[in-house]
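Undergrad: The structure under discussion is supplied below as structure tokens; questions concerning it will follow.
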Amino acid sequence: MSKTYSQEQIFKILSEIPDPEIPVINIIELGILREVKFVNDECVVVITPTYTGCPAMKVIEDDIKIKLKEIGIEKVKVELVFSPAWTTDWISDEAKEKLRAYGIAPPDHSSQDKKVLLGKARDLKCPQCGSKNTEMISQFGSTACKALYRCLDCKEPFDYFKCL
Amino acid sequence: MTVQEAKFEYLLRLGDSSLIIGHRLSEWCGHGPILEEDIALINIALDFVGNATSLLAYAGQVEGKGRDEDALAYLRDEREYRNLLITEQPNGDFANTIARQFLFDTYMYFLYEELKSSKDETISAIAVKSHKEITYHLRHTTEWMYRFGDGTVESHERLQNGLNDLWMYTSEMFDMDEVDAILIKEGIVPDLNKVKVSWEKRVHEVIAEATLQIPVTVFKQKGSKEGKHSEHLGFLLAEMQYVHRAHPGAKW
């Protein structure tokens, strides 16, 4: 029965699943959904966590099963892979724009700041007013993948999606 | 000892250290000195527990006796735990926690850097992922090292006390035994002497820049690799494992 759907169609259906913490982008735009394949009559969906301890992974797994059950695919296996390790570079430009519009400063297009050990923070644009006059309040924000900043011009605090 | 047995043992050492330090950090929830720091400590705790989940899940597969990550975390007693002694030490004051995290994070940072090139694909994949996370943790704790060390007389003294108290637990991080020897030969894990050189260099640099002193401790406490722990681990496990053991197989 599940063979009546192509991988492309499955991808399209799964693109309706939002990230539980950041509902403006879906799991494909975020780069969490890696692969869909059929093994015998089972639909295998491969996902990768943003952070190893990300509590949203279990919710995403359940969402995938529910979504596929809705279209009649009962035999679903969700596999978790760590390699290649998730990176913020997988977030598409459109998704970055959606993040910004949602009030989260998107990650820069460069992974792993080498200066990280020296504790240097980077210049960030405020997602509200666009000012670069911002400062970091804390490297750890409302979720594992975000840091907390504030804009010194419009005074708004905002989340920054950390580069990984 | 077979390679498989050595690998299981090594994964417990890594996984247990992450789990126990993650649990210790989680005790800060609602007690952090400021809200942002409370959130930071719990984020870091979450990373460590997540990391432990991956390592212990893999340990269970390697062992092949049907134990999953939960069975390994909740149904083993003290003597079966292989976490480094430093990870089970109580939080103390905030400076003490920072000292513990700094010494441990620096160790994990250099250890995972080496494990990235492990010939075991799963260990390598977990190391790549964890190294990215630990980089953020280390940056955070290093900043506090400077702030406290080069801060007020009070903050300097408290951090120095923390370092002095914990220093005797650092040498066992670099002890190697049969498990290491077998896995080094297979290209699965690094020689810890290599990690030690990087660790010492970095720790000495930061301590000097933070105007602190390297503690002079002659006594070195060891034992975690044989499951000999300080008295603190038993109490920690009692709290961590209570619900799981009181309600076996419970789900929600």
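The values are calculated or read from the model by the stated rules, or taken from the named source; none is laboratory data. From a predicted model like this one, the values you see are computed outputs, not experimental measurements. Please note: Cβ atoms are built from the backbone with ideal geometry, for glycine as well, and neighbour counts cover all protein chains shown.
Undergrad: Tell me whether region B:79-96 contains one or more residues that are at pLDDT 95 or above, crowded, with 19+ Cβ neighbours inside 10 Å and among the small types (Gly, Ala, Ser).
TA: Yes: one or more hits.
Undergrad: Suppose we keep only residues that are part of a helix (DSSP H, G or I) and modelled with pLDDT under 95 within region B:6-40. Which one would you say is surrounded by the most Cβ atoms within 10 Å (Cβ to Cβ)?
TA: B:40
Undergrad: Moving on. Select the helices (runs of 4 or more DSSP H) contained entirely in region B:127-219, then report the ones holding at least 1 residues which are within 14 Å of chain A (Cβ to nearest Cβ) and more than 28 Å from residue B:46 (Cβ to Cβ).
TA: B:192-209
Undergrad: Continuing with the same structure: Quick one: count up the residues across region A:32-49 that are buried (at least 19 other Cβ atoms within 10 Å of the Cβ), modelled with pLDDT of 90 or more and not polar (S, T, N, Q).
TA: Residues that pass the stated criteria total 6.
Undergrad: Quickly run through region A:96-105 and pick out the residues that are part of a strand (DSSP E or B) and more than 13 Å from the chain's Cα centre (by Cα).
TA: A:105, the sole residue that qualifies.
Undergrad: Ok, one more. Output yes when any residue across region B:185-199 is closer than 19 Å to residue B:105 by Cα and aromatic (Phe, Trp, Tyr), and no when none is.
TA: yes
Undergrad: Going through B:45, B:52, B:73 one at a time, which residue ends up being within 14 Å of chain A (Cβ to nearest Cβ), farther than 27 Å from residue B:203 by Cβ and either at pLDDT 95 or above or within 16 Å of the chain's Cα centre (by Cα) (or both)?
TA: Of B:45, B:52, B:73, the one residue that is within 14 Å of chain A (Cβ to nearest Cβ), farther than 27 Å from residue B:203 by Cβ and either at pLDDT 95 or above or within 16 Å of the chain's Cα centre (by Cα) (or both) is B:73.
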